[in-house]
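Everything on this sheet refers to the single structure shown next.
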Amino acid sequence: MQGVARLVDRQPTVSPERLVAQLTPPTTFADATFASYHPDPAEPSQAVAVAACRRFCERAVERRRGRKKLFGRREALPGLGLYLDGGFGVGKTHLLAAAYRQVPDDVAYPKAFATFMELTQLAGVFGFVECVELLGSYTLLCIDEFELDDPGNTTLVSRLLAQLVERGVSVAATSNTLPEQLGEGRFAAQDFLREITTLATIFDVVRIDGPDYRHRDLPPAPRPPSDDEVAAYAARVPGATLDDFDALCAHLATMHPSRYLTLVDGVTVVCLTGVHGIDDQNVALRLVALTDRLYDAGIPVLAAGERLDRIFSAEMLAGGFRKKYLRATSRLLALSAAVNA
């Protein structure tokens, strides 16, 4: 529709300076604290997780300060690892962001919050050695949605975290997969057992149980609007974008997923027409990455075509990326519900 912006017309770039500047919790969790996390009384593991996170933050600061030696000097101590594991929508990212806020701001010993993808991109842009130097003085590194999708990332992240922990950086991470199971079903995990085992030894695992809060009191996915209804909505909402689903998926393939956050800068609602089921794994994974960025930024989605809970096929949901697709579906449904909120 004439006059409505399209994501496919955007060619975002991400400078090294921006990569560093955006190492903070996403907009959705910018104000998250331990006090604003309300554990479900029916799920005792949630209250246990809050206490574990609080203690982790205290110990992380203590480890960074080091041990006193002679003449007032301090000896650096290795950092700690905390791994929040649980299903979708149990508040893992909230607690991770709260941990970030809990650790005091310190110019000499900063803190960082990154998605797993942002972390790997940071290492790619700066180089491994430079990335270790960049983050080596930090008190805390938070990694959201820890993933190991290919052997290269397995080795890279394992080496990076091992060196950072040796330098006194404490690492807190979230995922839907326990550390010793990372990579399972996605590639020949046995060939990289040493790296995966190394990661598992870094973290203390805290399990968080409970139902997906994003879907509490929500009805099943509604009947999608028509293409014309979506186009009309986009035309009357300032800051909305309107894209054909296939065209957007093709556009996503032209850029690294680390640019997706910049791609949706300033967008108020993402409107899509012609949505349909996906049978290409690469296309599906790029859509997952975009969904994560939209969710982080709190940008609603209005889509015409196939229902959002039917985009990923049963075959895909039975494969090695099952948890990614389920997470994306959960988030897409939440984002679509926000349009009518």
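The values are calculated or read from the model by the stated rules, or taken from the named source; none is laboratory data. All values reported here derive from a predicted model rather than from experimental measurement. Note: ideal-geometry Cβ built from the backbone for every residue, glycine included; neighbour counts use all protein chains shown. All accessible areas refer to the heavy atoms of the entire protein, side chains included, with ligands and DNA or RNA removed. Shrake-Rupley method; radii C 1.70, N 1.55, O 1.52, S 1.80 Å.
Figures for the structure shown
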quantity: Scan of the stretch 262-293 for residues that are open to solvent by 40 Å² or more (accessible area, probe 1.4 Å), within 25 Å of Ala21 (Cα to Cα) and either touching a strand residue (DSSP E or B) at 6+ places or on another chain (Cβ under 7 Å) or not in a loop (DSSP other than H, G, I, E, B) (or both), ordered by number; calculated: Thr268, Arg286
quantity: Condition check for Val90: open to solvent by less than 70 Å² (accessible area, probe 1.4 Å), among the β-branched types (Val, Ile, Thr) and either farther than 29 Å from Ala328 by Cα or assigned to a helix (DSSP H, G or I) (or both); calculated: no
quantity: Sole exception among (1) assigned to a helix (DSSP H, G or I); (2) open to solvent by less than 20 Å² (accessible area, probe 1.4 Å) for Phe113, by number; calculated: (1)
quantity: Positions within the stretch 116-173 being in a helix (DSSP H, G or I), open to solvent by less than 50 Å² (accessible area, probe 1.4 Å) and closer than 25 Å to Ala52 by Cβ, in sequence order; calculated: Phe116, Glu118, Leu119, Leu135, Val157, Ser158, Leu160, Leu161, Ala162, Leu164, Val165
quantity: Residues satisfying the stated conditions in the stretch 4-19, i.e. open to solvent by less than 50 Å² (accessible area, probe 1.4 Å), out of contact with any strand residue (DSSP E or B) (no Cβ under 7 Å at 6 or more places or on another chain) and at pLDDT 85 or above; calculated: Pro12
quantity: Residue pairs meeting the criteria (Cβ under 6 Å; at least 6 apart or on separate chains; first among the aromatic types (Phe, Trp, Tyr), in the stretch 318-337; second surrounded by fewer than 21 Cβ atoms within 10 Å (Cβ to Cβ)); calculated: Tyr325/Met316; Tyr325/Leu317
quantity: Criterion: open to solvent by 20 Å² or more (accessible area, probe 1.4 Å), at pLDDT 75 or above and at negative phi - qualifying residue of Ala231, Ala247; calculated: Ala247
quantity: Some residue of the stretch 46-58 being under 22 Å from the mean Cα position of the chain (by Cα), under 26 Å from Thr201 (Cβ atoms) and open to solvent by 40 Å² or more (accessible area, probe 1.4 Å); calculated: yes
quantity: Counted residues, the stretch 295-319 - those being part of a loop (DSSP other than H, G, I, E, B) and more than 17 Å from Leu263 (Cβ to Cβ); calculated: 6
quantity: All positions within the stretch 294-312 that are surrounded by fewer than 19 Cβ atoms within 10 Å (Cβ to Cβ) and at positive phi; calculated: Gly298
quantity: Subset of the stretch 4-62 (residues that are among the hydroxyl-bearing types (Ser, Thr, Tyr) and assigned to a loop (DSSP other than H, G, I, E, B)); calculated: Thr13, Ser15, Thr24, Thr33, Ser36, Tyr37
quantity: Tally of residues being polar (S, T, N, Q), at pLDDT below 90 and open to solvent by 50 Å² or more (accessible area, probe 1.4 Å) across the stretch 20-45; calculated: 2
